[in-house]
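Please read the structure below before turning to the comments.
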Amino acid sequence: MKKFVNDPENFVDEMLDGIYRAHPEVTHAGDDLRCFVRSKQVPGKVGLVTGGGSGHLPLFLGYVGENMLDGAGVGGVFQSPSSEQILEVTRHVDQGAGVLYLYGNYTGDLMNFDMAGELADLEGIKTATVVGRDDVASSVPGEEHKRRGVAGIFFLYKAAGAAAARMMPLEEVARIAEKASARTRTIGVALSPCIVPEVGKPGFEIGENEMEIGMGIHGEPGISRDALAPADEVVDRMIERILAEQDYTQDKEVAVLVNGLGATPLEELYILYRRTAQRLEAAGAQIRHTFIGEFATSMEMAGASISVLQLDSELEPLIAAGGDTPFFKKLAN
Amino acid sequence: MQGFGTDEIAALFARLADVFAAEKEALIALDGKVGDSDLGLTMAKGFGAAHDAVAAMETPTPEAQLKTAGAALARAAPSTMGTLMATGLLRGSAAVSGAERLETAEMAAFWSAFRDGVAHRGRAQVGDKTVLDVLHPIAETMQAQAREGASLDAALDRARVAAEQALEDTKDLVAQHGKAAAFQEKTRGIQDAGSTVAVILIRTMAECAAD
């Protein structure tokens, strides 16, 4: 393992200490560094809370900020935050309009967010839940509810964040987040494994000339392990999975996210985007918004994912809206 | 016995705190076979906190005691089993809303809600080699005993026997959930650690009722 760490046990808390020192616009609720919140909450606004394991920056806490989210429960590397941490964040961000939980579809996170919601309810705080389940590789069509949440959750944050900033009520923000979730598809490809600091070595291997399409962001097995192909061919094989589930005859406009998993250079992401755009346009889609870079990583994993959100007249302006967080800045367009 | 009133429920949580403290090492060893060995620690911590919170209540009702215990357990034991047991207590507390004493019928309602809460939160089914495989026979036995008009101590003792048998039966099952699921076939022949927690719960409750 070749990483910048001190005691691996302190990996998450030292990372958080660094983030708090660099960005005064975020802080922690109470004494626990892992209860990550905006320093200033907006009175009367629906609170948006996410959370999940560490090891995916800028996911999850990186989207806490203006026009985006209000708080995040921060778990250990690839581990869920506790229900108590989520509850503490919930209490802090609730401004009387209720709190929407927005996180990826993973067993541990589901359990802890549900528990936190139940405890919040006992304290008179209203909560609602929408989960990201965009990874087409993790379950077949018809079983979409079982899919894992990956990079496409960024679109849920973006849409729900802009909706909440417009002071929409909890039910509306939840409806919009759910709509964005239902219209987002992601497919990933991994070229090399990742290492959990406390473990110290990769949990699996990917051969020098191999790639794995559909691998999850914790190294969950994908759809196929093949010889690495030219970039266009890799995109072709990936995008098929998304095109099979989206029809651009009616709603033509899409937002595209080409995401690096941690060790893949931006140059390569643009090479992937080039082919992605060609294929989407050939399928009749019009690309309205493009996001390229690291949005949801898996430590030092080499690889990328492609996410496509099929827009409509309601979602489009919410994706177009500006946003300002320590890790994500966008002008309104 | 005249059912569980607030004094008996307070005594039950005091006893559970003692029992889980005493069973800590045994649970750690059991969980270490296919899990991450934290079960003994989290249960000792969780039920210790539940006891403290219940003991500190000034105007208790059975519903409020069970709810307080559940919330305290969730905070002190943020592990999977801590969260599941907390959920069980919270759902169970709602099922006995308004009752001043828990007789056989109320206790049956408590265990049914406890089981349903755990199944819902854990998204597991009976037969998946989880704590549900013991909670289900406890709830079913209590319901049957309530229908027959059995006294609470007799009903709890039958439920204890059913739970111990069910725990024995989990050895033949294969784990489908959590860290243990990664071991699949290797879990066959091993007593499920989470199910052991449920047996301790019903056994301690039955002992309290018999005293």
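The values are calculated or read from the model by the stated rules, or taken from the named source; none is laboratory data. Only a predicted model underlies this, so the values are computations on that prediction, with no experimental measurement involved. All Cβ positions, glycine included, derive from the backbone under ideal geometry; neighbour counts span all protein chains shown.
Just to be sure before I move on: is A:ASP236 modelled with pLDDT of 95 or more, assigned to a loop (DSSP other than H, G, I, E, B) and over 22 Å from the mean Cα position of the chain (by Cα) in the structure I sent?
On the way: modelled with pLDDT of 95 or more: yes; assigned to a loop (DSSP other than H, G, I, E, B): no; over 22 Å from the mean Cα position of the chain (by Cα): yes.
No, not satisfied.
Being among the small types (Gly, Ala, Ser) and out of contact with any Gly (no Cβ under 6 Å at 6 or more places or on another chain) is the filter here; which residues of the stretch A:98-123 pass it? Full working, then the answer.
Of the stretch A:98-123, the ones among the small types (Gly, Ala, Ser) are A:98, A:104, A:108, A:116-117, A:120.
Within the stretch A:98-123, A:GLY98, A:GLY108, A:ALA116, A:GLY117, A:ALA120 qualify.
Here is a yes/no grid of residues against (1) under 30 Å from A:ASP226 (Cβ atoms); (2) among the β-branched types (Val, Ile, Thr):
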site	(1), (2)
A:GLY149	yes, no
A:VAL173	no, yes
A:ILE176	no, yes
A:ARG183	yes, no
A:THR186	yes, yes
A:ILE195	yes, yes
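Examine the stretch B:15-25 for a residue that is farther than 20 Å from B:ALA206 by Cα and either more than 14 Å from chain A (Cβ to nearest Cβ) or touching a Lys or Arg at 6+ places or on another chain (Cβ under 7 Å) (or both), and state whether such a residue exists. Before you say what the answer is, go through the steps one by one.
Looking only at the stretch B:15-25, we keep the residues that are farther than 20 Å from B:ALA206 by Cα, and these are B:24-25.
Going one step further and asking which of them are either more than 14 Å from chain A (Cβ to nearest Cβ) or touching a Lys or Arg at 6+ places or on another chain (Cβ under 7 Å) (or both), we end up with B:24-25.
Taking every residue of the stretch B:15-25 in turn, at least one turns out to be farther than 20 Å from B:ALA206 by Cα and either more than 14 Å from chain A (Cβ to nearest Cβ) or touching a Lys or Arg at 6+ places or on another chain (Cβ under 7 Å) (or both).
Only one of these is touching a Ser or Thr at 6+ places or on another chain (Cβ under 9 Å) and not assigned by TED's automatic domain parsing to the domain that holds A:ALA177: A:GLY262, A:GLY322. Name it.
Being touching a Ser or Thr at 6+ places or on another chain (Cβ under 9 Å) and not assigned by TED's automatic domain parsing to the domain that holds A:ALA177 holds for just one of A:GLY262, A:GLY322, which is A:GLY262.
Looking at the stretch B:57-84 only, could you name the residues that are more than 10 Å from every other protein chain (Cβ to nearest Cβ), in contact with an Asp or Glu (Cβ under 8 Å, 6 or more places away or on another chain) and either without any contact (Cβ under 8 Å) to a residue 12 or more places away in the chain or of a type in the set (Ser, Thr, Tyr) (or both)?
B:THR61 - this is the single residue of the stretch B:57-84 that is more than 10 Å from every other protein chain (Cβ to nearest Cβ), in contact with an Asp or Glu (Cβ under 8 Å, 6 or more places away or on another chain) and either without any contact (Cβ under 8 Å) to a residue 12 or more places away in the chain or of a type in the set (Ser, Thr, Tyr) (or both).
Tally up the residues in the stretch B:41-56 that are within 13 Å of chain A (Cβ to nearest Cβ) and either assigned to a loop (DSSP other than H, G, I, E, B) or surrounded by 24 or more Cβ atoms within 10 Å (Cβ to Cβ) (or both), please.
Qualifying residue count, the stretch B:41-56: 2.
Only one of these is crowded, with 17+ Cβ neighbours inside 10 Å, at pLDDT 95 or above and out of contact with any strand residue (DSSP E or B) (no Cβ under 9 Å at 6 or more places or on another chain): A:ARG279, A:ARG274, A:ARG241. Name it. Steps first, please.
Values: A:ARG274 fails: crowded, with 17+ Cβ neighbours inside 10 Å; A:ARG241 fails: out of contact with any strand residue (DSSP E or B) (no Cβ under 9 Å at 6 or more places or on another chain).
That would be A:ARG279, the only listed residue that is crowded, with 17+ Cβ neighbours inside 10 Å, at pLDDT 95 or above and out of contact with any strand residue (DSSP E or B) (no Cβ under 9 Å at 6 or more places or on another chain).
When the residues of the stretch B:85-121 are filtered to those that are among the charged types (D, E, K, R) and part of a helix (DSSP H, G or I), which remaining residue is farthest from the other protein chains (Cβ to nearest Cβ)?
The selected residue is B:GLU106.
Do any helices (runs of 4 or more DSSP H) lying entirely in the stretch A:73-190 carry at least 3 residues that are out of contact with any Ser or Thr (no Cβ under 6 Å at 6 or more places or on another chain), buried (at least 24 other Cβ atoms within 10 Å of the Cβ) and away from chain B (no Cβ under 14 Å), and which ones are they?
Values: elements: A:83-93, A:107-122, A:153-165, A:170-182.
Helices (runs of 4 or more DSSP H) meeting the threshold: A:153-165, A:170-182.
Would you check which residues across the stretch B:2-40 are touching a Leu at 6+ places or on another chain (Cβ under 6 Å) and in a loop (DSSP other than H, G, I, E, B) and list them? Before the answer, list the steps.
Taking the stretch B:2-40 as the starting set, the residues that turn out to be touching a Leu at 6+ places or on another chain (Cβ under 6 Å) are B:3-4, B:27, B:31, B:39-40.
B:GLY3 - this is the single residue of the stretch B:2-40 that is touching a Leu at 6+ places or on another chain (Cβ under 6 Å) and in a loop (DSSP other than H, G, I, E, B).
Output yes when any residue across the stretch A:9-22 is out of contact with any Lys or Arg (no Cβ under 7 Å at 6 or more places or on another chain), in contact (Cβ under 8 Å) with a residue 12 or more places away in the chain, part of a loop (DSSP other than H, G, I, E, B) and of a type outside the set (D, E, K, R), and no when none is.
Taking every residue of the stretch A:9-22 in turn, none turns out to be out of contact with any Lys or Arg (no Cβ under 7 Å at 6 or more places or on another chain), in contact (Cβ under 8 Å) with a residue 12 or more places away in the chain, part of a loop (DSSP other than H, G, I, E, B) and of a type outside the set (D, E, K, R).
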